1. Being part of a loop (DSSP other than H, G, I, E, B) and at pLDDT 75 or above is the filter; apply it to region 93-128 and report the residue that is surrounded by the most Cβ atoms within 10 Å (Cβ to Cβ).
2. Scan region 19-45 residue by residue and report those that are in a helix (DSSP H, G or I), of a type in the set (S, T, N, Q) and surrounded by fewer than 20 Cβ atoms within 10 Å (Cβ to Cβ).
3. Taking region 1-43 as the region of interest, how many residues are of a type in the set (D, E, K, R), at pLDDT below 85 and closer than 30 Å to LEU199 by Cα?
4. So, in region 151-182, of the ones that are at pLDDT 85 or above and either assigned to a loop (DSSP other than H, G, I, E, B) or basic (Lys, Arg) (or both), which residue ends up surrounded by the fewest Cβ atoms within 10 Å (Cβ to Cβ)?
Amino acid sequence: MSSTAASARPQNITLGIALILTAALAISVQDVIFKLFSSAMTLWQIFALRGCIAVPLLIAICWMQNPNFADIFRQAVNRWSLLRAVFITTTFLAFYGAIPFLSLSTLGAANYSAPIFVTLLAAFAIREPVGPRGWLGVLLGFVGVLVLLRPGSDAFSFWALMPIIGAAFYALGHIVTRARCQDIPTAALALSTNIVMMLAGFVVSGLIIWLAPTGGVFDAFPYVFGQWSAITTSDALVLIVLAAFAVGNGMLLAGAYQAAPPPTVATFEYSYLVFVAIWDIVFFTLMPSAPSILGMVMIVCAGLLVIRR
């Protein structure tokens with residue numbers, strides 16, 4: 001792809017930054033809800049049942065945007081939309097699969113190696129200009145993430161590898177958004193993602209029921225390998241709230257990466273770590289350590305470098 005094609009893409013930096021900051025805040029709230037209230041259900045049950053709520057809601061949104069829903073649906077299930085959805089679904093499954101076993105700050109720090117992947121792919125795959133300040137900003141942000149990782153005793157456990165793997169798929173998903181899904185409505189992209197997430201939940205749940213794995217690691221981690229549980233009223237409310245977040249977050253993320261270059265958007269995604277630190281204090285009475293504060297300052301400085309670029 002030529003540099004001319006890259007420069008022809010929209011460059012609404014202000015809109016992209018505003019959307020990604022809003023998305024980071026919304027995702028951090030969603031993660032708190034997930035960690036606090038979803039322990040009674042399996043990961044696959046949550047994804048399947050949340051999708052049953054989110055998909056009809058997104059269909060209604062798509063229909064309001066374009067009464068010719070068949071056209072929206074065709075865009076939601078084209079090959080690039082579905083490829084993007086598979087990448088994003090893998091990201092969320094990796095992240096939420098590890099959420100009971102790691103702190104939110106550790107999860108976030110591991111997951112936010114994604115901007116490094118985004119920058120590399122943006123620079124070499126779709127020829128987005130980065131520039132010296134951009135590279136310095138992203139690298140400084142990555143160092144800040146490493147500073148945040150160091151205090152956690154679980155930071156480099158097996159489970160910490162899952163969000164790192166998810167981060168690579170996250171980068172792939174947003175590069176596809178920028179390069180191949182530029183003209184697809186954000187509601188259609190969110191619909192595609194939630195359909196794939198819902199199907200993943202049902203398919204893996206069916207496999208677990210069919211295979212009925214027991215013993216060892218399967219019994220040790222019922223959140224990942226367990227059977228579905230009965231749904232209480234509070235569980236149903238949590239699923240409705242998570243479905244609403246799934247709809248909004250999907251549209252915000254897609255819109256941010258459509259509006260502005262991936263390196264810029266990815267750098268401001270680091271703001272998620274600031275929000276998570278606040279929620280750690282409010283909900284889990286965890287005060288940030290001095291290295292954590294230093295890491296946050298480095299991340300903010302990285303954002304300022306990108307703005308100056």
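The values are calculated or read from the model by the stated rules, or taken from the named source; none is laboratory data. Please read these numbers as outputs of a predicted model, since none were measured by experiment. Quick reminder, even Gly has a Cβ in these numbers, built from the backbone with ideal geometry, and neighbours come from all protein chains shown.
1. LEU102
2. THR22, GLN30 - these are the residues of region 19-45 that are in a helix (DSSP H, G or I), of a type in the set (S, T, N, Q) and surrounded by fewer than 20 Cβ atoms within 10 Å (Cβ to Cβ).
3. Counting residues in region 1-43 that are of a type in the set (D, E, K, R), at pLDDT below 85 and closer than 30 Å to LEU199 by Cα gives 1.
4. Only one residue fits best here, namely ARG180.
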